[in-house]
Amino acid sequence: MVPFTPLDNQVLWDVSPALDATKGFSFVFGSNAPYEAYLFVLNFRQLGARNLLGAGCTEKEVEDLVDSSPGPTLLFLVDGIGRDCGVGLVRRLKERKPDTRATLLVNSQVAYAHNPAIRDVYDGVAAGGSLGRGGVLECVLAVTRGEKYFDRLLLATDPEGSRSAWNDLNQREREILPLLAKGKKNREIAAELFIAETTTRDYVSSILSKLQVSNRAAAAAWAIEHGFVGG
């Protein structure tokens with residue numbers, strides 16, 4: 001865990017326009033990379049020790065920091081944290097502390113930003129590459145107003161082909177694909193969804209055809225790669 005400590009005067013991007021909007025919030029950052037956690041503390045030091053609780057490098061550390069907040073929390077998570085980009089973590093925190101606002105900073109797993117689960121649970125999704133160009137500031141200001149924010153830089157990265165293929169799947173196929181990606185057999189999927197095994201087999205064949213892949217492993221890899229199911 002990286003607590004807030006006074007550092008030097010180097011600030012890589014200016015967050016001063018957000019100071020007034022964030023007065024009532026505490027800041028927590030989560031990343032599985034300690035160096036990123038350190039940089040966050042460095043860059044947000046000007047928010048002051050009262051606002052910045054610290055940075056966690058594991059989900060448990062992040063949970064402990066948010067739970068220690070005396071009031072509402074602005075939570076920033078980097079896309080590498082957790083197997084599901086922090087979706088489960090944010091859900092747990094919001095159940096306990098509904099006033100938590102969560103933002104996902106997308107640095108590498110761009111396709112995951114378009115996962116419906118991420119759009120549902122996060123209040124804001126911002127491109128890490130937009131730091132210093134206003135994206136994160138816009139996100140902070142939006143989520144503190146209770147609005148949803150999705151970085152316009154990420155809108156251009158959504159692979160049209162993957163979105164179109166996902167839209168081609170019917171509701172049942174969208175339910176089956178995550179189970180298939182977990183390695184479940186047809187009989188296991190059928191039992192979980194209360195449908196016949198032969199029906200499941202037909203749905204799986206349809207999924208392979210619509211995704212234009214040759215086998216179940218390729219379908220699972222496609223779904224994970226394009227962010228429609230967690231890895």
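The figures follow:
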{"read-out": "Anchor residue 148: lysines whose Cα lies under 22 Å away (excluding residues fewer than 8 positions away in-chain)", "value": "23, 94, 97"}
{"read-out": "Region 160-225 - percent relative contact order, Cα under 8 Å, separation 6 or more", "value": "38 percent"}
{"read-out": "Derived scalar couplings ³J(HN,Hα) [region 202-212; Karplus, 6.51 cos²θ - 1.76 cosθ + 1.60; whole Hz; x for Gly, Pro]", "value": "5, 5, 4, 4, 5, 4, 4, 5, 5, 7, 6"}
{"read-out": "Other-chain or far-sequence residues with amide H under 5 Å of residue 27's (modelled H)", "value": "52, 53, 74"}
{"read-out": "Exposure proxy ranking, count of Cβ atoms within 10 Å, fewest first, for 25, 194, 150", "value": "194, 150, 25"}
{"read-out": "Fully extended contour minus Cα-Cα distance, from residue 195 to residue 58, at 0.36 nm per residue", "value": "45.5 nm"}
{"read-out": "Protection proxy ranking, peptides 172-178, 95-101, average beta carbon neighbours within 10 Å, highest first", "value": "172-178, 95-101"}
{"read-out": "R0 of 30 Å, Cβ-Cβ distance residue 185-residue 212: FRET efficiency to nearest 0.05", "value": "0.85"}
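Readers should treat all values here as calculations from the given coordinates under stated rules, not as data from a laboratory. Please read these numbers as outputs of a predicted model, since none were measured by experiment. For neighbour counting, all protein chains shown are included, and Cβ atoms are generated from backbone atoms with ideal geometry for every residue, glycine included.
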